[in-house]
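To keep things clear, I will list the structure first and then write my remarks on it.
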Amino acid sequence: YRNFIGKGQRCLLNISNTEVYKNVLHSSGRFCFQSSQPLGQKTTSLQISSLGQFPHNFSAWNAEITRSFHTSPSLQAAPVPLFWIIVKPAQKLLAIILGRSIRNWWKALPPNKRELFKESARKNKWKILLGVSSLGVVFVMFYFTHLEETPITGRARLLVFGKEHFRELSQIEYDMWMEEFKSKMLPETDARYQVVERVVGHLSESNKDIPQVSALKWVIHVVDEPGVNAFVLPNGQVFVFTGLLNAVSDIHQLSFILGHEIAHAVLEHAVKKASLVHFLDFLSLIFLTMIWAICPRDSLAVVGQWIQSKLQEFMFDRPYSRTLEAEADKVGLQFAAKACVDVRASSVFWQQMELAETIQGQPKLPEWLSTHPSHENRAEHLDRLIPEALKIRESCNCPSLSGPDPRLIFKLNMQHLLESSKDQENPNSTKRDLSKPKLDFPHT
């Protein structure tokens with residue numbers, strides 16, 4: 001790798017001689033493959049022999065995936081300002097108290113005063129409507145005056161918090177993660193750490209023409225955890241779990257995943273998510289007050305509050321999170337293409353994750369229940385983006401891709417697996433369709 005980069009080449013992936021990389025893998029014993037073939041010929045971690053059996057290390061890898069892969073911690077992906085953390089519960093409590101006080105005040109009114117109040121409201125309905133409309137205009141003006149253009153994509157986004165202040169707060173989150181993982185951090189001398197460091201370094205170097213990439217200092221942390229996960233904090237702190245290193249098939253898949261995580265930081269998704277949540281929570285205070293004022297009993301108000309929070313979550317929060325993930329996939333694929341990665345391997349990773357969940361028998365939840373797109377839809381989305389990414393790769397004067405398309409290899413492997421499974425279900429059957437050639441894939 002050092003010799004290759006020293007010659008001024010931009011691509012570290014399409015190398016015919018991979019002795020350096022192979023030695024790193026052998027010294028690790030846990031990461032990716034241990035193979036004498038070039039990286040360009042590696043296919044997937046789900047290799048299938050001529051007998052249709054999975055490799056020995058697949059069962060161990062499969063057992064380590066205890067939950068769906070997600071590319072940001074669900075709790076800490078969008079840290080919010082410290083002031084809002086303190087004030088947010090107090091605001092909700094104040095809304096509940098205000099709504100409950102209005103309800104009790106209305107119940108305590110004599111019937112004649114209630115009628116007088118209703119009559120006054122009917123007479124002044126236009127004034128009330130004007131006041132409500134004015135409040136709505138204020139919210140709309142606040143929204144449009146806080147829109148900014150997203151770096152790279154140019155998409156409009158809502159920003160309520162200052163970026164610099166937000167990065168300072170991400171330091172608090174960084175300290176928390178370091179405290180939690182302090183006994184599980186791999187040293188810099190570990191081969192797995194060095195592989196991640198080189199991949200991130202190559203991605204950042206290949207995309208240094210983007211100001212948001214060159215402005216951040218990317219610091220690597222590899223955590224010895226079985227979870228298939230990775231995330232990047234807004235201040236450029238990269239966290240990769242060894243479970244992810246075991247799950248990827250080759251350096252191409254790893255480069256795409258890390259490119260996806262870098263895209264999250266470059267596009268400032270944490271700030272965008274926190275801004276939207278802050279804006280929606282402020283709006284929800286009005287509805288929360290109305291719920292506690294209208295509902296005749298506290299128990300009904302609690303149910304109404306729960307329904308309101310779930311509607312906000314499934315109609316706004318989770319769809320927006322899925323949108324951010326799709327955006328990070330697109331930009332991360334562009335980052336990988338500029339680094340001369342075989343971008344075709346990106347969709348194969350999510351097909352592998354889909355297969356692993358199927359083998360484990362994990363129930364498939366509808367996508368609208370998740371903060372991330374389903375593995376199947378994610379792979380299809382990447383397949384649509386790959387042609388554009390290949391053009392970007394070609395424009396960067398990258399070496400031509402050699403070997404078969406990894407997507408085709410994965411598809412043929414799956415066909416072979418299905419055929420082998422059918423043969424094992426019918427061991428006494430001697431009939432064979434001679435019109436179909438037998439697929440025989442050697443170990444890669």
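FYI, it's all coordinate maths here, none of it is from the lab. Values in this document were obtained by computation on a predicted structure and should not be read as measured data.
Distances between placed amide hydrogens fall under 5 Å for residue 155 paired with 150, all partners being 5 or more residues away or on another chain.
When both bridge partners sit in region 128-246, DSSP labels roughly 60% of those beta bridges antiparallel.
Here the Karplus curve 6.51 cos²θ - 1.76 cosθ + 1.60, taken at θ = phi - 60°, turns the phi angles of region 325-335 into couplings of 5, 5, 5, 5, 4, 5, 5, x, 5, 5, 4 Hz, with x standing for Gly and Pro. In whole angstrom, region 81-148 maps to an equivalent ellipsoid with semi-axes of 32, 22, 4, each derived as √(5λ) from the alpha carbon gyration tensor and ordered largest first. The 3J(HN,Hα) values that the Karplus relation (6.51, -1.76, 1.60; θ = phi - 60°) gives for region 143-148 are, in residue order, 5, 6, 7, 10, 8, 10 Hz. Gly and Pro appear as x.
The calculated pair-distance distribution of region 163-416 uses every alpha carbon pair, bins of 10 angstrom beginning at 0, and gives 7, 25, 32, 22, 10, 4, 1, 0 percent. Legend: Rg and Dmax of region 200-340, from Cα coordinates, 19.9, 64 Å. Converting phi to 3J(HN,Hα) with the Karplus coefficients 6.51, -1.76 and 1.60 and the offset θ = phi - 60°, region 179-196 yields 5, 6, 9, 4, 8, 10, 6, 6, x, 5, 7, 5, 4, 5, 4, 5, 5, 4 Hz in sequence order, with x at every glycine or proline. Computed over the alpha carbons of region 131-222, Rg followed by Dmax gives 19.7, 66 Å.
Taking amide H as placed 1.01 Å from N in the peptide plane, the amide H of residue 235 sits under 5 Å from none that are at least 5 places away or on another chain.
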